[in-house]
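The structure under discussion appears below in the form of structure tokens.
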Amino acid sequence: MEPKIEIVNIVATLKLDPMPKPDKILERIPRAKLIRRFHGAMIRLDKIPILFYRDNIIITGLKSMNELDQVIKNAISLLQGRGFNVKIISRQVVNITVKVELGIELNLYEVARKLNGIYDPDYRPYVIARLNGTTLLVSQMGKLVLLGAKSLEQVYNILGKALALIT
């Protein structure tokens, strides 16, 4: 059975020049909301939250890189339409979370040994393994969650190596 891989979340940061101040965002974009806890402003574009802080923008809740491109394009258009003369300085994917269903049961003691991971059934019902700067969670029912990848290439490389070891 072929593993079923699904992107659960992509988080990216964006730096603009000049960076719009959160108070100006709130002033010029009526649907923007103040996020006091972070001293920033938030707007939603197509149900995707975009958080404006002092020195960067955080975009979360994305399911694909194409969606990221579209949300960035829409955000820049919105800002420019509200009088912000901004251009993109940098864009960086900071986290990709992926869910994988193998469709097989796994022996977690063996998985922990092969991945050099941690498994203690008294504390948690899954293996935790660190692989190339990411974290992989593996359940007995053959479900995996990969956290912390920075690119889709990294996701597929790590999953390929992990699956070769545990299946």
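Here are some notes:
- Rg and Dmax, both from the Cα atoms of the chain and both in Å, are 19.6, 59.
- Cα→Cβ-extended label distance, 7 Å offset, between Thr167 and Asp122, nm: 3.4 nm
- In a DSSP loop and with at most 13 other Cβ atoms within 10 Å, the trypsin sites (Lys or Arg not before Pro) in region 1-87 are Arg31, Lys47, Arg54, Lys63.
- Taken along the Cα-to-beta-carbon direction at a fixed 7 Å, the label points for Asp46 and Asn9 span 2.0 nm.
- Net lengthening on full extension, Ile104/Gln80 (0.36 nm per residue, minus Cα-Cα): 3.6 nm
- Straight-line cross-link reach from Lys4 at under 26 Å between alpha-carbon atoms covers these lysines, not counting any fewer than eight positions away in the same chain: Lys47, Lys63, Lys99, Lys114, Lys143, Lys150, Lys161.
- Sequence-distant aspartates and glutamates (8 or more away, or on other chains) whose Cα lies within less than 19 Å of Lys21: Asp55
None of the figures in this text is laboratory data; all of them are computed from the coordinates on show. Bear in mind the structure is a predicted one, so any value in this text is a computation, not a measurement. All Cβ positions, glycine included, derive from the backbone under ideal geometry; neighbour counts span all protein chains shown.
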